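Chemist: Have a look at this one before I ask anything.
The values are calculated or read from the model by the stated rules, or taken from the named source; none is laboratory data. Only a predicted model underlies this, so the values are computations on that prediction, with no experimental measurement involved. For neighbour counting, all protein chains shown are included, and Cβ atoms are generated from backbone atoms with ideal geometry for every residue, glycine included.
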Amino acid sequence: MQVQNDGRAASVNIEAGKHGAAHVRAWFDREGRAPITASLGHDPLLLVVAGTEVPRGVSELEYAGAVLGRPVDIVAGEVTGLPVPAFSEIVVEGWLTPDRREPEGPFGEWTGYYSGSSEPVLTMNIERIYHRHNPIQLGAPPGKPPHDYSYMRSVMKSAMIHDALDAAGLPGLEGVWAHEVGGGRQLLAVAVHQQYPGHVRQTGLLTASLPAAAYMNKFVVVVDHDVDPRSLNDVMWAVCTRTDPGVDIEVLHRTWGSRVDPLREPGAPAFNNRAVIDACRPWERLAEFPAVAEASRDLLDRVVQRWPDILGGIR
């Protein structure tokens, strides 16, 4: 959001595929305007759930309440009646209309760039401002990862994608990690225990299209169960040693991108392309693929136990 008209308005940059944009379109179609509130400075949990893909049809406030183990305390806005967190530091309330747009940005984004150019976006007419005495504006300014934003998103999105793959019935799922270097969105690693021909490609293509993972994704890397998907070093080692670039990389075109993608031309539709990388041992060679040259876990544990002061173990 950007302050407009000396504080009497604020532009609101909502990506077209997000739940908020769907709500706004529905209100425009039905009423010709859309109510909107914005909470500034609140429990960091609300930032976490607002910035990740909570399933469609689930209230973010209810999702946060499930995490807390109790309902989130709210009050109703005097103008729109929308619920706002009762312990927010500042809340602004007003209306969006289809014809009210102001140029916004560019801002520093979670991609690590001042991207998104300056384009007219929907702008709210502010009718109420609520605030605590001496409000404290708590935030997580995005920038080149890793940062607060990418750390919180990586944890939440990894769990959400894992749950979605499990709910879809994907067998052999060992782990998922949305890597911080991609802002928790652009680089996903999924570990599977191969069970049949095509299992790896199924995993990668399914992951790349899940609602929890599709927005602004660029790379999905599928690794074997012996590779830790949370370790960027191990994932890239698997890519270097188990991926044949001419055979094992699928590119999907015109997928769900973002206006803040630094590769997007100003004014162009927010498409992107993405790669699904098979970084698993070939199915035909699972039995005879070269063994990994590394010390066993048992040996490493015994070495640490023998020299705990040097290697950081526990006596």
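Chemist: Kindly establish whether HIS193 is surrounded by fewer than 18 Cβ atoms within 10 Å (Cβ to Cβ) and farther than 16 Å from ASN273 by Cβ. It would help to see each step written out before you state the result.
Modeler: Details: surrounded by fewer than 18 Cβ atoms within 10 Å (Cβ to Cβ): yes; farther than 16 Å from ASN273 by Cβ: yes.
Yes: the conditions hold for HIS193.
Chemist: Given the conditions (1) under 28 Å from GLY183 (Cα atoms); (2) in contact with a Ser or Thr (Cβ under 9 Å, 6 or more places away or on another chain), report the number of the one that VAL67 does not fulfil.
Modeler: Result: VAL67 passes all but (2).
Chemist: So PRO197 fits all but one of (1) in contact with a Phe, Trp or Tyr (Cβ under 6 Å, 6 or more places away or on another chain); (2) part of a helix (DSSP H, G or I); (3) farther than 26 Å from TRP110 by Cα; (4) of a type outside the set (Val, Ile, Thr); what number is the exception?
Modeler: With respect to (1) in contact with a Phe, Trp or Tyr (Cβ under 6 Å, 6 or more places away or on another chain); (2) part of a helix (DSSP H, G or I); (3) farther than 26 Å from TRP110 by Cα; (4) of a type outside the set (Val, Ile, Thr), PRO197 is out only on (2).
Chemist: While we're looking at this one, here's another question. Which residue, of GLU93, GLU89, GLU104, is closer than 22 Å to PRO135 by Cα, outside the structural domain of LYS157 (by TED's automatic domain parsing) and in contact with an Asp or Glu (Cβ under 8 Å, 6 or more places away or on another chain)? Quick ask: steps written out before the conclusion?
Modeler: Numbers: GLU89 fails: in contact with an Asp or Glu (Cβ under 8 Å, 6 or more places away or on another chain); GLU104 fails: closer than 22 Å to PRO135 by Cα.
From the options GLU93, GLU89, GLU104, the qualifying one is GLU93.
Chemist: What single numbered condition from (1) under 24 Å from GLU89 (Cβ atoms); (2) modelled with pLDDT of 90 or more fails to hold for TYR113?
Modeler: TYR113 satisfies all of (1) under 24 Å from GLU89 (Cβ atoms); (2) modelled with pLDDT of 90 or more except (1).
Chemist: So, one more: Any idea which of (1) touching an Asp or Glu at 6+ places or on another chain (Cβ under 7 Å); (2) of a type in the set (A, V, I, L, M, F, W, C); (3) crowded, with 16+ Cβ neighbours inside 10 Å is the one ILE136 doesn't satisfy?
Modeler: (3)
Chemist: Still on this structure: Which count do you get for residues in the stretch 28-69 that are out of contact with any Phe, Trp or Tyr (no Cβ under 8 Å at 6 or more places or on another chain), under 26 Å from PRO269 (Cα atoms) and surrounded by 17 or more Cβ atoms within 10 Å (Cβ to Cβ)?
Modeler: Counting residues in the stretch 28-69 that are out of contact with any Phe, Trp or Tyr (no Cβ under 8 Å at 6 or more places or on another chain), under 26 Å from PRO269 (Cα atoms) and surrounded by 17 or more Cβ atoms within 10 Å (Cβ to Cβ) gives 1.
Chemist: Looking only at the stretch 265-281, filter to residues that are of a type outside the set (A, V, I, L, M) and touching a helix residue (DSSP H, G or I) at 6+ places or on another chain (Cβ under 9 Å); which one of those is surrounded by the fewest Cβ atoms within 10 Å (Cβ to Cβ)?
Modeler: Initial filter on the stretch 265-281 (of a type outside the set (A, V, I, L, M)): 265-267, 269, 271-274, 278, 280-281.
With touching a helix residue (DSSP H, G or I) at 6+ places or on another chain (Cβ under 9 Å) added as a condition, the list becomes 274, 278, 280-281.
On the way: ARG274: 22, ASP278: 24, CYS280: 28, ARG281: 20.
In this case the residue turns out to be ARG281.
Chemist: If you take the residues in the stretch 70-91 that are buried (at least 17 other Cβ atoms within 10 Å of the Cβ) and among the small types (Gly, Ala, Ser), which one is farthest from ALA22 (Cα to Cα)?
Modeler: Our first condition is that a residue be buried (at least 17 other Cβ atoms within 10 Å of the Cβ); within the stretch 70-91, this holds for 72, 77, 80, 84-85, 88-89, 91.
Remaining after also requiring among the small types (Gly, Ala, Ser): 77, 88.
Numbers: GLY77: 21, SER88: 25 Å.
Only one residue fits best here, namely SER88.
Chemist: Sort out which residues of the stretch 139-151 are surrounded by fewer than 20 Cβ atoms within 10 Å (Cβ to Cβ) and in a helix (DSSP H, G or I), and write them in order of number.
Modeler: Within the stretch 139-151, ASP148, TYR151 meet the criteria.
Chemist: Kindly indicate the residue of the stretch 222-234 that is assigned to a helix (DSSP H, G or I) and surrounded by 15 or more Cβ atoms within 10 Å (Cβ to Cβ) and also farthest from the chain's Cα centre (by Cα) among those meeting that condition. If you could, list the steps in order and put the result at the bottom.
Modeler: Step one: of the stretch 222-234, the residues assigned to a helix (DSSP H, G or I) are 232-234.
Next, from what is left, pick out any that are surrounded by 15 or more Cβ atoms within 10 Å (Cβ to Cβ): 232, 234.
Numbers: LEU232: 17, ASP234: 22 Å.
Result: ASP234.
Chemist: Listed residues ALA279, ALA275, ALA270; which is touching a residue at least 12 places away in the same chain (Cβ under 8 Å), in the same structural domain as LEU205 (by TED's automatic domain parsing), touching a Phe, Trp or Tyr at 6+ places or on another chain (Cβ under 6 Å) and of a type in the set (Gly, Ala, Ser)?
Modeler: Working: ALA279 fails: touching a Phe, Trp or Tyr at 6+ places or on another chain (Cβ under 6 Å); ALA270 fails: touching a Phe, Trp or Tyr at 6+ places or on another chain (Cβ under 6 Å).
Result of the check over ALA279, ALA275, ALA270: ALA275.
Chemist: Follow-up question, since we're still on this one. Hey, can you tell me all the residues within the stretch 92-111 that are closer than 30 Å to SER154 by Cβ and surrounded by fewer than 18 Cβ atoms within 10 Å (Cβ to Cβ)? Full working, then the answer.
Modeler: Let us first name the residues in the stretch 92-111 that are closer than 30 Å to SER154 by Cβ, namely 92, 104-111.
Of everything in the stretch 92-111, those that are closer than 30 Å to SER154 by Cβ and surrounded by fewer than 18 Cβ atoms within 10 Å (Cβ to Cβ) turn out to be PRO106, PHE107, GLY108.
Chemist: Which residue out of TRP237, TRP256 is of a type in the set (Phe, Trp, Tyr), under 29 Å from GLU284 (Cβ atoms) and either buried (at least 17 other Cβ atoms within 10 Å of the Cβ) or free of Cβ contacts under 8 Å to residues at least 24 places away in the same chain (or both)?
Modeler: Values: TRP256 fails: under 29 Å from GLU284 (Cβ atoms).
Matching residue, one of TRP237, TRP256: TRP237.
Chemist: Condition first: more than 23 Å from LEU40 (Cβ to Cβ), in contact with an Asp or Glu (Cβ under 9 Å, 6 or more places away or on another chain), in contact (Cβ under 8 Å) with a residue 60 or more places away in the chain and outside the structural domain of GLY7 (by TED's automatic domain parsing). Can you find one or more residues in the stretch 148-170 that meet it?
Modeler: yes
Chemist: Residues being outside any helix (DSSP H, G or I) and not aliphatic (A, V, I, L, M): count how many of those fall in the stretch 1-14. Even if it seems obvious, please write down each step before you answer.
Modeler: Residues of the stretch 1-14 outside any helix (DSSP H, G or I): 1-4, 8-14.
The next check asks that each one be not aliphatic (A, V, I, L, M); those that pass are 2, 4, 8, 11, 13.
The total comes to 5.
Chemist: Going by what's in this entry, would GLY7 be described as of a type outside the set (A, V, I, L, M) and at negative phi?
Modeler: No, not satisfied.
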